[in-house]
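To keep things clear, I will list the structure first and then write my remarks on it.
The values are calculated or read from the model by the stated rules, or taken from the named source; none is laboratory data. From a predicted model like this one, the values you see are computed outputs, not experimental measurements. Using ideal geometry, Cβ is built from the backbone for each residue, glycine included, and neighbour counts are taken over all protein chains shown. Note: accessible area is taken over every heavy atom of the protein model, side chains too, but ligands, DNA and RNA are not part of it. Shrake-Rupley method; radii C 1.70, N 1.55, O 1.52, S 1.80 Å.
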Amino acid sequence: QVIKCKAAVMWEANKPFSIEEVEVAPPKAHELRIKIVATGICRSDDHVITGGLVMPFPIILGHEAAGIVESVGQGITAIEPGDKVIPLFVPYCGECSSCLNTKGNLCIKNDLSSRAGLMPDGTTRFTCKGKAIHHFVGTSTFTEYTVVHETAVAKIDSAAPLEKVFLIGCGFSTGYGAAVQTAKVEPGSICAIFGLGGVGLSVIMGCKAAGASRIIAVDINSDKFAKAKELGATDCINPRDFKKPIHEVLIEMTGHGVDYSFEVIGRIDTMTSALACCHYNYGVSVIVGVPPAAQKITFDPMLLFTGRTWKGSVFGGWKSKDSVPKLVADYMKKKFVLDPLITHRLHFTKINEGFDLLRTGK
């Protein structure tokens, strides 16, 4: 059966979301249809609206969510209607070079790279006012019902509170994993985190869990410092309080620079600052924020020649299908908290207000 439901459709860039009635087609073979219970607002969704991340319009955005399976297509045996699931914007096919390598997690079948905005078979499951609507990174969670491929969903503990564990679909896992999986922060190390949104705060939690001795939080919005300290930051600095470049401030604070730095904003100036502030010989800097489209970085290659490592991290380096259920299980065992990452709860129809809160740093 086709389901008619509400969705937040983005018809064109730099416009508000439009709450529309959409038709959601039934799942084809190896696909499933999910009733979305909770979805988070992430800066990556906003990057599509502003053109920083180029995707085709019209589109249903959203990629951080949790829901309940409504129906399954042919060939799906491991998941059935009624199961609680988290959609995965980084799929896991289990067959490609990235999935098979212990070092990789960005499945070749992802839509972050191709940006086609379609299901793996090259078609869409959404229609609105007679027009085909694009999917977003294989998830599209700003809708009451969505369809995902079986490689892009993880079944989770049936007792898990969906209104909290939806954060494991992106924000928490991305930040926490950047520290513990990608950087592999060691006990006693010094870390700097640029950007204190939900993902940046999750990086702080990861650094703390890994035993970092000093965690320096950097943001131009000092209102974010109290929560950063609550979650483990030892120092908080605002670049606007200094005359000199922030990387020089961090080097002075630490002697020779930090062991690990994380850029969790998605700006090229902060990416180079994060690289420059880490130890000249063995510092590791991780790019976690989505880089802006069509912008290039210019930097002094001596920063790398002396031994620094610069790396990127998508979804915290986790192999999604395996790791998401384990992270949910860890949350259920109280190994980490998620409540501090949730600042507001809004009804789905107030999604535009939610994005205003995101853009004003609230």
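Values computed for the structure shown
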| read-out | value |
| --- | --- |
| Shape call, the stretch 183-312: gyration tensor on alpha carbons, a/c limit 1.5 | rounded |
| Distance between modelled label sites at Thr298 and Lys362, nm, 7 Å Cα→Cβ extension | 3.9 nm |
| Percentage relative contact order, the chain, counting C-alpha pairs under 8 Å, at least six apart | 17 percent |
| Estimated dipole of the stretch 159-304 in Debye, rounded to 20 [Cβ of Lys and Arg +1, of Asp and Glu -1, Cα centre] | 160 debye |
| Euclidean distance of C-alpha centroids, the stretch 228-280 and the stretch 281-299, integer Å | 14 Å |
| For the stretch 1-84: rounded, prolate or oblate by the Cα gyration tensor [a/c cutoff 1.5] | prolate |
| Within the stretch 1-109: Cβ-based charge dipole about Cα centre, in debye rounded to nearest 20 (Lys, Arg +1; Asp, Glu -1) | 140 debye |
| Gyration tensor verdict on the stretch 74-161 (Cα atoms; rounded if a/c is under 1.5, prolate if a/b is larger than b/c, oblate otherwise) | oblate |
| Surface share of carbon and sulfur [accessible, 1.4 angstrom probe, percent] for the chain | 54 percent |
| Summed side-chain charge close to Trp11 - residues other than Trp11 whose Cβ falls under 13 Å, Lys, Arg +1, Asp, Glu -1 | +1 |
| Listed candidates (1) 34, 27, 19; (2) 30, 24, 21; (3) 35, 21, 19 - label of the one calculated as semi-axes √(5λ) of the Cα gyration tensor in Å | (3) |
| Options Gly316, His279, His347, ranked by Cα towards positive dipole end of the chain, top entry (Cβ charges) | His279 |
| Size of charge dipole - the chain - debye, nearest 20, with Cβ of Lys, Arg +1 and Asp, Glu -1, no other charges | 140 debye |
| Accessible area per residue, Å², the chain with all protein chains present, probe 1.4 Å | 44 Å² |
| Dipole of the stretch 206-266, positive direction: furthest Cα of Ser261, His247, Gly206, with charges on the beta-carbon | Gly206 |
